[in-house]
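Bear in mind that the values in this text are calculations on the coordinates, not laboratory data. Since the structure is predicted, the reported quantities are computational estimates derived from the model, not experimental observations.
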């Protein structure tokens with residue numbers, strides 16, 4: 001297809017209808033809906049992201065569902081002021097507060113205060129398997145996606161809050177691909193930084209630190225400061241460097257160490273101006289692993305690495321599989 005198109009010619013993206021110059025790097029061909037289509041890089045990434053997390057929710061293991069929900073929770077508030085997202089969140093929030101009672105659609109319509117058409121919101125939620133067919137005349141949970149979330153997510157205090165965030169996050173993933181949206185550019189940059197990390201193959205895990213032990217006597221401590229103080233007072237004559245006598249007690253895997261330079265490169269590519277503000281923002285979205293109130297950074301061999309949450313790593317791994325299937 002490409003060989004017959006002149007380099008200066010523009011072509012419309014199949015998904016958003018914006019025009020891009022052929023060979024500009026902004027548009028590519030991919031097999032969408034069973035046909036080879038021209039699609040811009042913004043829509044393609046969003047398309048792959050949405051279909052990946054949806055598949056993890058519908059067909060994945062319990063761990064897949066938990067990881068997909070964690071990522072969706074992180075992006076659900078990207079468009080808090082967007083009227084469409086507000087309308088979607090309102091319906092799901094009403095359902096969560098009324099559950100297990102059902103919400104009458106007539107009652108919902110009488111209280112509707114959004115510019116977005118309520119029928120379109122209900123149609124969207126039906127198409128996602130979140131609400132049943134309107135033939136039931138009630139906004140009760142369906143036996144598709146919503147019932148699966150109810151079954152797969154652990155029951156806890158924030159259970160319904162997580163449901164609302166996950167469903168709204170899924171709507172964001174499906175509909176919002178605006179390249180001019182600053183917050184969405186941060187998500188694009190993060191996903192592509194993780195992809196660069198996966199291509200490199202240097203995958204060092206980040207583990208939960210459950211405590212610290214003294215290598216000399218075996219005593220354990222809850223903090224590094226306590227362990228260091230112990231070595232200084234009890235074994236100072238035995239070691240030159242206190243830290244070399246302290247060993248971390250590792251727990252479960254939390255994520256992976258990713259080169260900070262990958263985030264810097266992709267942030268620049270996607271027009272993210274304030275780099276450390278971007279990192280702090282992604283920390284609040286759960287993409288980065290915190291150490292106290294900041295993100296976790298370490299230095300190794302002259303390079304800086306940042307700790308990325310396992311859920312984001314797993315979602316990006318599965319996205320890469322789908323990307324290869326669509327553009328091969």
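Some notes on this structure:
- Percentage, to the nearest whole number, of Cα pairs in the chain over 26 Å apart: 57
- Legend: translational diffusion of the stretch 188-251 by Stokes-Einstein, Rh = Kirkwood radius over C-alpha pairs, 25 °C, 0.890 mPa s; D = 177 µm²/s.
- Taking the longest Cα principal axis of the chain as reference, the axis of helix 260-269 is set at about 30 degrees.
- Long-range Cα-Cα pairs in the stretch 182-327 (distance over 25 Å), rounded percent: 40
- Seen against the Cα atoms of the chain and their longest principal axis, helix 275-284 is set at about 80 degrees.
- In degrees, nearest ten, helix 62-75 long axis to first principal axis of the chain (Cα): 80
- Separation between Cα centres of the stretch 187-217 and the stretch 34-78, rounded to whole Å: 22
- Principal axis analysis of the Cα atoms in the stretch 229-284 yields extents of 54, 25, 18 Å, listed in decreasing size.
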